[in-house]
């Protein structure tokens, strides 16, 4: 299945609260980043996937897949800085899914439900049990506006509150999954 979209995966963080970078945490015997990449490649061609990583990981990541857009980002900078780096490397010229490496949103139906609502709005967000989740789908028209954000003072979630966001109720609990809310390694692989 190849959605007419692209994906940004934020994975450059140090994972201080998790005791180390979440990208390399074990998830059912494999690094979480590898599992994320495997899932994303089921939905998108590798040239439509961009992943923010730490500089020291570049060779290791290229061994996972050299056709993915590996974008070096400062692991100490806010997540928005990584997002902006991804948008420079793989411009926001089509609808773009975004989520963090620790959000195991591995449900095809979740992505297709959001893509099915991608029109006449700035973003599409899944809602499960009354809470917004991930991935978030950004409209191509947001590209220029994103460039104006300052990673030191702005946050994507706050910025989107002033935008036209369609909320899509989804039956997938994984829309809310992330390893900041559970013990490391806990949850469904």
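Every number here is computed from the coordinates shown, using simple stated rules; none is lab data. Computed from a prediction, not measured in an experiment: that's the story for all the values here. Glycine gets a Cβ as well: all are built from the backbone with ideal geometry, and neighbour counts include every protein chain shown.
If each residue of separation counts as 0.36 nm, what is the full-extension length gain between residue 120 and residue 62 once their alpha-carbon separation is subtracted?
Working: separation 58, 0.36 × 58 = 20.88 nm, distance 3.65 nm.
Separation in residues times 0.36 nm, less the Cα-Cα distance, equals 17.2 nm.
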Fewest-first ranking of 71, 96, 112, using other Cβ atoms within 10 Å as the exposure measure: 112, 71, 96
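Rounded to the nearest 5, what % of the DSSP beta bridges within the chain are antiparallel ones?
Details: 9 of 27 bridges.
Of all bridge pairs located within the chain, approximately 35 percent are antiparallel.
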Candidates 177, 157, 65: whichever shows maximal mean-square fluctuation once the chain is modelled as a Gaussian network with Cα springs under 10 Å: 157
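Pull out a ≥ b ≥ c, the square roots of the eigenvalues of the alpha-carbon gyration tensor of the range 74-174, then state rounded if a/c is under 1.5, prolate if not and a/b is larger than b/c, and oblate in the remaining case.
Values: a/c = 1.70, a/b = 1.42, b/c = 1.20.
Note, shape of the range 74-174 comes out prolate.
Once you have a ≥ b ≥ c as the square roots of the Cα gyration tensor eigenvalues for the range 22-67, tell me rounded if a/c is under 1.5, and otherwise prolate or oblate according to whether a/b is larger than b/c.
Values: a/c = 1.98, a/b = 1.12, b/c = 1.78.
Judged from the Cα gyration tensor, the range 22-67 comes out oblate (a/c at least 1.5, b/c at or above a/b).
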For the modelled label position 7 Å from the Cα of residue 158 along Cα-to-Cβ, which residues of the range 116-144 have backbone nitrogen atoms closer than 18 Å? none
On each of the three principal axes of the Cα atoms of the chain, give max minus min coordinate, whole Å, ordered largest first. 40, 34, 33
